[in-house]
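The values are calculated or read from the model by the stated rules, or taken from the named source; none is laboratory data. None of the values given here were measured: they were computed from a predicted structure. Here the Cβ is made from the backbone with ideal geometry for all residues, glycine too, and neighbour counts use every protein chain on show.
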Amino acid sequence: MTWRNSVCMSMGRALCPDVNGLVMTLPRRQTASAIDAFYEATAPIVTRVNPQFFLDYGEDAGGLMFVGLISATENYFRDVLGFILTVCPKAQSSAAEEKVQLGSLLWAENDLRNRSAFEFIAFSSAENIKKAISRFACHNIRGGGSFDSTLREYDKLCELRHAIVHSNHLVAGKNAIKLGLRRTSSPVKVRLGYAGLQAAGTVCTSLVQSANVELFEVITTRWATEWRHSASWDPSADRALLRRVRSGFVSRRDRRNSSIVRPLTDAQLFAELQTEFNL
């Protein structure tokens, strides 16, 4: 022993467990929409975590649940943009020269999943979401709409997320300024109780729902207009393509819960689009 051992306990070398035992394989669900995957990921947080949880484990544990909400929201945008790239010729043309991580190609074994294009993008800021939707979906979010306004609220959550993930809940100066916090000479810590977590869940859910509605409208309108002028258009497959578009956005959970304002059948949707766009 020397003076080097005079500041703290030393456990010596430690090994990480076999990483194969720390992951699990999930079944690939071809028909699940991006919004239903979001609902499934966030349900345990927003519906099963109760006030007693915070009494038992402390408010710092709420920060971990909060990070889970943001992560599920980020994943929604990866999933929905990946889907848009598989069906939309305009999005494909816009994104044709974008770079893809080599690791995505190596891991996919010649079966490139389009969501792999977003592995190098963090969707934990409003600016990044706007840029990604512009670059990969060729769409500028409508100013003043529900998607745009909720995105600004989500941006506040992302500033808090930065403190939880990167500095043990302590808010950095840059994040504090962006949030407009009152100046203080003492450290500021993110404090998330039950009510705060529920409010964050409401913002994330509202963002995903409003994004889902706007992007569904954009892609469906392209189906009815722009796609029909592309060289790859097959008139005999227009209904099948519309069903595929809708399947990427429709929420089976909301349909089961009778939460959809106008739960149209595929035939009803096609008829309304025929009328609106004079098809």
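Summary table below
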item: Residues of region 143-170 satisfying the condition of being among the acidic types (Asp, Glu) and in contact (Cβ under 8 Å) with a residue 12 or more places away in the chain; result: GLU153, ASP155, GLU159
item: Output for region 247-278, where each listed residue is within 21 Å of the chain's Cα centre (by Cα) and either not polar (S, T, N, Q) or not in a loop (DSSP other than H, G, I, E, B) (or both); result: SER247, GLY248, PHE249, VAL250, ARG252, ARG253, ASP254, ARG255, ILE260
item: Leading residue by the ranking (surrounded by the fewest Cβ atoms within 10 Å (Cβ to Cβ)) among those in region 207-237 that are of a type in the set (Gly, Ala, Ser) and within 16 Å of LYS90 (Cα to Cα); result: ALA231
item: Pairs with Cβ under 6 Å, 6+ apart, first in region 129-142 and modelled with pLDDT of 95 or more, second of a type in the set (Gly, Ala, Ser) and surrounded by fewer than 17 Cβ atoms within 10 Å (Cβ to Cβ); result: ASN140/SER134
item: Residue match in region 220-231 (condition: assigned to a loop (DSSP other than H, G, I, E, B), touching a helix residue (DSSP H, G or I) at 6+ places or on another chain (Cβ under 6 Å) and not hydrophobic (A, V, I, L, M, F, W, C)); result: yes
item: Check on ALA211, closer than 25 Å to PRO51 by Cβ, outside any loop (DSSP other than H, G, I, E, B), in contact with a Phe, Trp or Tyr (Cβ under 6 Å, 6 or more places away or on another chain) and in contact (Cβ under 8 Å) with a residue 40 or more places away in the chain; result: no
item: Region 47-68, subset assigned to a loop (DSSP other than H, G, I, E, B) and under 26 Å from the mean Cα position of the chain (by Cα), residue surrounded by the most Cβ atoms within 10 Å (Cβ to Cβ); result: VAL49
item: Residue selected from region 1-16 under the condition among the hydrophobic types (A, V, I, L, M, F, W, C) and within 30 Å of ALA61 (Cβ to Cβ), by the criterion modelled with the lowest pLDDT; result: MET11
item: Selection from region 228-249 of residues that are among the polar types (S, T, N, Q) and in contact (Cβ under 8 Å) with a residue 12 or more places away in the chain; result: SER230, SER232, SER247
item: Out of ILE84, ILE141, ILE164, sole residue that is surrounded by 16 or more Cβ atoms within 10 Å (Cβ to Cβ) and under 30 Å from ARG183 (Cβ atoms); result: ILE164
item: Single unsatisfied condition, ALA237 versus (1) in a helix (DSSP H, G or I); (2) of a type in the set (A, V, I, L, M, F, W, C); (3) modelled with pLDDT of 95 or more; (4) out of contact with any helix residue (DSSP H, G or I) (no Cβ under 7 Å at 6 or more places or on another chain); result: (3)
item: Odd one out for THR225 among (1) closer than 28 Å to TYR154 by Cβ; (2) free of Cβ contacts under 8 Å to residues at least 60 places away in the same chain; result: (1)
item: Single residue of region 17-46 satisfying the filter (at pLDDT 90 or above and not in a helix (DSSP H, G or I)) that is farthest from ALA117 (Cα to Cα); result: PRO17
